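Following: one structure in structure tokens, then a few remarks.
Every read-out reported here was derived from the displayed coordinates using simple, explicitly stated rules and does not represent laboratory data. Everything numeric in this text was worked out from a predicted model, so none of it was measured. Here the Cβ is made from the backbone with ideal geometry for all residues, glycine too, and neighbour counts use every protein chain on show.
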Amino acid sequence: MSPTDIETADQCGSYRRVLGLPVVVVPRSRWIVVRRVDGLVDAVVMPSWLGTKVALWLAMDQQLGPVIEHQQTARTTFVTGPPDGYEHTIFATLVRLNAGLGGSYIMLPSRGDGPSGDRRWLFLPRNGFRPAMRVVLDAVVAVSRR
């Protein structure tokens with residue numbers, strides 16, 4: 001096992017212990033991912049310009065959980081609790097803003113990003129707090145009206 005592999009495994013373990021996320025390292029890649037688990041973890045993804053506004057909004061209410069910036073795609077991912085159906089009521093707004101729910105996996109910043117560091121933490125909490133998805137979606141709607 002190379003030093004980079006060991007660092008990736010340590011980073012993955014830290015995400016598990018500190019953030020309480022069900023993370024795994026993708027074999028032969030050094031990418032750390034969260035597998036979306038029903039009832040536990042999900043994500044909301046949006047353009048970075050909107051993500052920055054939403055993060056500031058949530059920080060004011062002390063509702064900010066893990067937030068990842070994807071520099072190459074100019075996207076921001078908010079790690080949240082599970083959906084509750086509310087996302088269907090604001091579907092048109094999400095489409096208009098080029099925002100939506102995450103896919104099957106949530107990519108976390110890791111050694112697998114290589115020297116480009118494509119993913120970075122915009123906000124890395126020190127505990128397992130994840131806001132309810134509805135809280136993040138309400139912030140999306142609120143900041144989009146400003």
In Hz, Karplus ³J(HN,Hα) per residue of the range 25-31 (6.51, -1.76, 1.60; θ = phi - 60°; x = Gly, Pro): 9, 5, x, 6, 10, 6, 8
I want to verify a result. In a Gaussian network model of the chain, Cα cutoff 10 Å, which of these has the top mean-square fluctuation: Tyr105, Tyr86, Tyr15? Tyr86
Dipole of the chain [Lys/Arg +1, Asp/Glu -1 at C-beta], most positive-end residue of Leu137, Val37, Trp57: Trp57
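Using the Kyte-Doolittle scale, which helices in the chain average at least 0.0 and also have C-alpha atoms spread 15 Å or more along the helix axis, with helices defined as whole DSSP H runs?
48-60, 133-144
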Please list, ordered by chain and number, the residues whose modelled amide H lies under 5 Å from the amide H of Leu122; skip anything fewer than 5 residues away on the same chain. Val67, Ile68, Glu69
Among Arg134, Arg36, Arg96, which one shows the highest mean-square fluctuation when the chain is modelled as a Gaussian network with alpha-carbon springs under 10 Å? Arg96
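To the nearest 20 debye, what is the magnitude of the charge dipole of the chain about its Cα centre, counting +1 on the Cβ of each Lys and Arg and -1 on the Cβ of each Asp and Glu?
For the chain, the charge dipole is close to 140 debye.
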Can you pull a Stokes-Einstein diffusion coefficient for the chain at 20 °C (1.002 mPa s), Rh from Kirkwood over Cα pairs, as a whole number of µm²/s? 138
Tell me the relative contact order for the range 3-144 as a rounded percent, counting alpha carbon contacts under 8 Å between residues six or more apart. 34
Read phi for every residue in the range 96-103 and hand back ³J(HN,Hα) as whole Hz from Karplus 6.51 cos²θ - 1.76 cosθ + 1.60, θ = phi - 60°, with x for Gly and Pro. 4, 8, 6, 10, x, 7, x, x
Using the Karplus curve 6.51 cos²θ - 1.76 cosθ + 1.60 with θ = phi - 60°, work out ³J(HN,Hα) for each residue of the range 68-73 in order, rounded to whole Hz, and write x for Gly and Pro. 10, 9, 9, 5, 5, 9
Based on DSSP H runs of at least 4 residues, each adding -39500 (n - 2.57), what is the mean residue ellipticity at 222 nm of the chain after dividing by all its residues, to the nearest 500 deg cm²/dmol? -10500 deg cm²/dmol
So who's got an amide H within less than 5 Å of the one on Ala43, skipping anything under 5 residues away but keeping other chains? H placed 1.01 Å off N, in plane. Thr80, Gly102
Report the full-extension gain for the segment Thr89 to Arg120: residue separation times 0.36 nm, less the Cα-Cα distance, to one decimal in nm. 8.1 nm
With equal scatterers on the alpha carbons only and no solvent term, can you work out the Debye log10 of I(q)/I(0) for the range 19-66 at 0.15, 0.28 1/Å? -0.57, -1.02
Two-site FRET efficiency, Ser2 against Val24, from Cβ-Cβ distance with R₀ of 22 Å, rounded to 0.05: 0.75
GNM result for the chain, Cα springs below 10 Å: residue of Gly20, Gly102, Gly85 fluctuating most strongly: Gly85
For the range 15-127, build the charge dipole from Cβ charges (+1 Lys, Arg; -1 Asp, Glu) around the Cα centre, then report which of Pro22, Asn98, His88 sits farthest towards its positive end. Pro22
What number comes out for the charge environment of Val18, summing +1 per Lys or Arg and -1 per Asp or Glu over other residues with Cβ under 15 Å away? +3
